[in-house]
Amino acid sequence: MKFGIIQERKNPPDRRVVLSPTACQKVVKKFKKAEIIVEPSPIRTYSDTDYQNAGIEVASKMEECDVLLGVKEVPIEHLVPNKKYFFFSHTIKKQPYNRDLLQAVLEKNIELYDHEVITDQNEQRLVAFGRYAGIVGAYNGFRAFGLKYDSFKLPKAETLPDQKALIAELRKITLPNIKILLTGKGRVGNGSKEMLDAMGLKKVNVAEYLKDDFNEAVYCQIDASEYNKRKDGVRGNKADFFANPQEYKSNFHRFTEVTNFYIAGHFYGQGAPYLYTREDAKHPDFKIKVVADVSCDIDGPVASTIKPSTIAEPIYGYDPLTEKEVDFKHENAIAVMAVDNLPCELPKDASEGFGEAFVKNVIPAFFNGDKDGVLERGRMTQNGKLTPRFSYLQDYVEGKN
C-alpha cells in the first residue's frame, strides 16, 4: 500500500500536514507493506529535507500512490482520478461553495474519505484539529483583550513556534479581576482550558461565578446543560438536550450579566437555541466586551459573530446597537476574534497531534481488513457514486439543494 502526502494548494496557504516525518517513520516501521512518498512543498511546516532526513522519499509521483493524504480541499484541477483521497472536503453539510468539488470527485471516480467523518463505532471522531483550535483561540482572545483596552500586547500566534511559546507569552501578562467564561468541554473547549490552566487562572464553579466577586481574574467552564434549560421546566441533562434540542431555550443570559471575556468552544447543533441573540446583546446588563469565537458559526448562536476573521486581520468590532461592524476599540464595540482556521497558526503542533491520531486510528484499517469499520464509515464516494451512508447528498450533487 503506497501512501502519498500531497502538497496543500488551497489559498490562503495551509502549512499543516497529515503525517509529520516522525509519523511517517512510525508507519513504515510498523507496517512492512506500507510505503510513503511526499510531494515536494515550499510551504509545509516540515521541509522536504526534514522528510528526506527521516528516510522518506520526496518526489512528484502522486500518480503512483494508492492513497493520497491532505488537509484542506484539493483544487479540482489537481485531483488525480481513480485514487483514494483523505481531506476535509467541507461538503457533508451541503456547503454550496464546494458542490463542484464533490461533483468532480464523483466524475473522476475518486474514493473520498473526509477527515470529519472518520469515526469510531460510537460515532466519535477519531482525527481532528479541535484541540489546537482551542489552544490558539484562547491565546488570540487574550491578545484581543489586551489590544482593545491597550493593557498589554501579545505577539501574533503565527509568529511563535509552539504551544509552550504561547503559554510563555500569556504568563507575562497581568489581567484585571475579570470573569472569563468558556463554553464547551470537548476537544476545542478543553484545548482552551489547557491555556487558562497554564496561566494559573483560578477556576470557579457556576454558583461562585454568578454570585461572587473576586480580586483576581477567574474562569468558569460550562457545558450545554448549564446554558440551556427545558421549556417545560422539567430538569434536563446533556443527553436529553442533544437528543431533543428543540425542547430547550437558552439560559445563557445569567452569564452575560457578569462575563467580561467569553471563549466559545462549544459544538452547536441544528435546532439548538442560540446562546445570545442580537437583541440580547442590546440589553444594558449585557457585559461581554471580548469574544473569542473558536466555534465560529456565522450569524448563529453567538450573535456578535457576523463574519469570520482572518489570521492577517483576526479582530473586528461588533456594535450591538447598530448590529454593524465597527472598530473593535470603540467604546460600545464587542471585540470579536473569529478566525475560522486557527490550527493553521500552530502548524507543527497541530500536525504532530493530528498525525498521532491518524497513525493510531486510521492507518491500521488498511492492513487489518478494516475490522473496526473505520474506512467503511468514512467512505463518502465509491465507483463514481455516493455510498449509502452519504446518499443524503444526492440532491446537493445534482444541484437541487
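The values are calculated or read from the model by the stated rules, or taken from the named source; none is laboratory data. Bear in mind the structure is a predicted one, so any value in this text is a computation, not a measurement. Methodologically, a virtual Cβ is constructed for each residue, glycine included, from the backbone with ideal geometry; neighbour enumeration extends over all protein chains shown.
Annotations for the structure displayed:
- Whichever residue in segment 211-248 is out of contact with any Lys or Arg (no Cβ under 7 Å at 6 or more places or on another chain), small (Gly, Ala, Ser) and modelled with pLDDT under 90 and, among such residues, is farthest from residue 183 (Cα to Cα): 233
- The residue pairs whose first member lies in segment 181-210 and is on the phi < 0 side of the Ramachandran plot, whose second member is among the polar types (S, T, N, Q) and not in a loop (DSSP other than H, G, I, E, B), and whose beta carbons are closer than 6 Å, counting only pairs six or more residues apart or on different chains, are 182/192; 182/221; 193/221.
- Of all residues in segment 55-83 being among the small types (Gly, Ala, Ser) and more than 29 Å from the chain's Cα centre (by Cα), the one that is nearest to residue 27 (Cα to Cα): 55
- Single condition residue 188 does not satisfy, out of (1) under 28 Å from residue 286 (Cβ atoms); (2) touching a Phe, Trp or Tyr at 6+ places or on another chain (Cβ under 6 Å): (2)
- Flag if residue 228 is within 26 Å of the chain's Cα centre (by Cα) and under 22 Å from residue 138 (Cα atoms): no
- Among (1) surrounded by fewer than 19 Cβ atoms within 10 Å (Cβ to Cβ); (2) of a type outside the set (Lys, Arg); (3) at pLDDT 95 or above - the single one residue 74 does not satisfy: (1)
- Top-ranked residue of segment 135-159 - restricted to ones that are touching a residue at least 40 places away in the same chain (Cβ under 8 Å) and among the aliphatic types (A, V, I, L, M), ranked as nearest to residue 316 (Cα to Cα): 144
- Restricting attention to segment 211-237, the residues that are in contact (Cβ under 8 Å) with a residue 12 or more places away in the chain, part of a helix (DSSP H, G or I) and out of contact with any strand residue (DSSP E or B) (no Cβ under 9 Å at 6 or more places or on another chain) total 1.
- Taking strands (runs of 3 or more DSSP E) as the structural unit, those lying wholly within segment 306-362 and holding at least 1 residues that are in contact with a Pro (Cβ under 8 Å, 6 or more places away or on another chain), at negative phi and β-branched (Val, Ile, Thr) correspond to 334-337.
- So residue 280, is it assigned by TED's automatic domain parsing to the domain that holds residue 181 and in a helix (DSSP H, G or I): yes
- Cβ-Cβ under 7 Å pairs, at least 6 apart or on other chains, segment 109-123 side in the same structural domain as residue 92 (by TED's automatic domain parsing) and over 23 Å from residue 73 (Cβ atoms), far side surrounded by 18 or more Cβ atoms within 10 Å (Cβ to Cβ) and among the hydroxyl-bearing types (Ser, Thr, Tyr): none
- Restricting segment 55-68 to residues that are of a type in the set (A, V, I, L, M) and more than 18 Å from residue 382 (Cβ to Cβ) leaves a set whose member that is surrounded by the fewest Cβ atoms within 10 Å (Cβ to Cβ) is 59.
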